[in-house]
Amino acid sequence: MSMGTVPTVFVSSTCYDLKQVRSDLHDFIESLGLQPIISEHRSFPIDPNIKAVENCLKVVEERADILLLIVGGRYGSPTEHGKSVTNLEYLRAKAKGIPVYVFVQNSILSILPVWKANPDGNYQSVVDSTKLFEFVELLKDTENVWVIGFEVAQDICRTLREQLSYLFMESLGLRQRIRQKALPESLGKLTGMPLRLVIERSPYWEYRLFAYLLVEEIDRAKEERWDLHYGIVFGQGEYLDDPQKVMHWIKRKLAEQERYVAVSEKVINTALQEAFGEPGVPGDPQKIVYATKRLAAAYRAGIEWGIDARRVAVKKRFQDLIDTLATFPDNLIKEIEDYAQHCLSTIEEIIANPPGPGEKREIELTLKMSMSGAEEFSRECEKLSERGFFDEEDDEDEDEY
């Protein structure tokens, strides 16, 4: 959230059975000077290119600062994931790490012990699906969130007014802690979620910090990535006017790429592992930031390598060889991009679905790196060698570039 932006409150619930509650909450949230995000209102952001469920989850991810979960007597239709939209919105908010307030109708809470004692009973007069009981039980016993009962919307409003006051004080306290902590320069430049992770050290904070920072670094290089994708090249390139210069340039570029791969491997296998620390031992946030920036630097170097290869000018007979060589970093670039998203989604999934009592989970974040076009490059080299183009002196008559 940037300075001057009004915080948003995403209201998540089934629509039809809680229509009046949602309407009352819309007016209450606005009265607090906050921005309500409720799907049936005109202000709700809609992306016409994606499905309704995906759109709701996207809005939670991109726009929600607070999630207000209201549970009535309807669970809703299960999605392809086997969970209701409301359930998925809640999981997305938990993974994002924003404050979540859960309110459940008193009639549901009162019958929950009956359902636990007799899960095969008929409860159609109370809920549309017993999955709703399972969801509420998960919230109470596994998710470690406060579940607050309510009868009418005014009950929610009164409780929410107090809870938001506590949240305000917590934010002031966090602000003070940031000032008092005197973070080193490398950490003092962090903002948003990465800064909060460093200050609060919530579960899996080391891995979340790495994932968030890597995604941010990759996003900062997106315009250069587009230049590489579309072949948009600026600046002065090298002019290679004889076979010896071509071969020397190719050897130099291959050595550069080997260094990028070696750096990436060293960051992942050594620097990052040391930064995360041994199991049960807190990680080193400065080293995590350092390792992430070095991996991002290798990513940007790969992009620049591909762009630089497209700047070079050679005679026509070598053009296919150079064009093939220019694709070498494509796999490496894509693999780092996929790795960043995989890290983030894996950790968010664990946070959204934490291990049960006594259950252990291992986080495996493996980066596999490979080069594109190697076989095609070898074939081009063989063709040129068979025709003697690497051995002959410069042909003054051949002036096509």
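Results, tabulated for the structure shown:
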{"read-out": "Nearest 10 degrees, 0 to 90: helix 153-181 Cα axis against the chain principal axis", "value": "40"}
{"read-out": "Set of lysines with alpha-carbon distance to Lys58 below 21 Å, sequence-local pairs under 8 removed", "value": "Lys83, Lys94, Lys96, Lys222"}
{"read-out": "Extension gain (nm, one decimal) between Glu349 and His41, 0.36 nm per residue minus Cα-Cα", "value": "107.9 nm"}
{"read-out": "Inter-label distance for Tyr290 and Met371, nm, one decimal - labels placed 7 Å from Cα along Cα-to-Cβ", "value": "3.0"}
{"read-out": "Dipole magnitude of the chain, debye to nearest 20 (Cβ charges: Lys/Arg +1, Asp/Glu -1, about Cα centre)", "value": "2300"}
{"read-out": "Accessible area expressed per residue, region 3-110, with surrounding protein chains retained (probe 1.4 Å, Å²)", "value": "47"}
{"read-out": "Dipole magnitude of region 231-372 about its Cα centre (Cβ charges: Lys, Arg +1; Asp, Glu -1), debye to nearest 20", "value": "660"}
{"read-out": "Positive-pole candidate from Ile250, Gly306, Pro329, dipole of region 197-334, charges at beta carbon", "value": "Ile250"}
{"read-out": "Top positive-direction residue, dipole computed over the chain with Cβ charges, set Tyr204, Ser372, Leu109", "value": "Leu109"}
{"read-out": "Three-way shape call for region 37-86 based on the alpha-carbon gyration tensor, with the a/c threshold at 1.5", "value": "oblate"}
{"read-out": "Solvent-accessible area per residue, Å², over region 160-260 with all protein chains present [probe radius 1.4 Å]", "value": "63"}
{"read-out": "Accessible area of region 84-226 belonging to carbon and sulfur atoms, whole % at 1.4 Å probe", "value": "51"}
{"read-out": "Accessible area in the full protein assembly, largest first, 1.4 Å probe, for Met193, Met371", "value": "Met371, Met193"}
{"read-out": "Under 18 Å from Lys131, Cα to Cα: aspartates and glutamates that are on another chain or at least 8 residues apart", "value": "Asp17, Glu80, Glu89, Asp120, Asp141, Glu143"}
{"read-out": "Cα point-scatterer Debye curve for region 101-254, base-10 log of I(q)/I(0) at q = 0.08, 0.10 Å⁻¹", "value": "-0.56, -0.72"}
{"read-out": "Lysine pairs with alpha-carbon atoms under 21 Å apart, region 240-373, spacing 8 or more or separate chains", "value": "16"}
{"read-out": "For semi-axes √(5λ) of the Cα gyration tensor in Å, calculated from these coordinates, the label among [x] 60, 27, 18; [y] 34, 23, 21; [z] 54, 23, 21", "value": "[z]"}
{"read-out": "Choice from Ala211, Ala309, Ala93 showing the highest fluctuation, given a GNM over the chain with Cα pairs closer than 10 Å", "value": "Ala309"}
{"read-out": "Using a Förster distance of 41 Å, the FRET efficiency for Gln341-Arg158 (Cβ separation, nearest 0.05)", "value": "0.50"}
{"read-out": "Built amide H within the under 5 Å cut-off of Ser12, gap 5+", "value": "Leu68, Leu69, Ile70"}
{"read-out": "Net charge of Cβ neighbours under 10 Å - reference Leu272; Lys, Arg +1; Asp, Glu -1", "value": "+1"}
{"read-out": "Spin-label model distance (nm) - Tyr16 vs Ser385, 7 Å beyond Cα toward Cβ", "value": "7.2"}
{"read-out": "Crossing angle, helix 131-141 versus the chain [Cα axis fit, 0-90 degrees, rounded to tens]", "value": "90"}
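The values are calculated or read from the model by the stated rules, or taken from the named source; none is laboratory data. Predicted, not measured: the structure shown is a model, and the values here were computed from it. We place every Cβ from the backbone using ideal geometry, glycine too, and count neighbours over all the protein chains shown. In case anyone asks, the SASA skips ligands and DNA or RNA and just uses the protein heavy atoms, side chains included. Shrake-Rupley method; radii C 1.70, N 1.55, O 1.52, S 1.80 Å.
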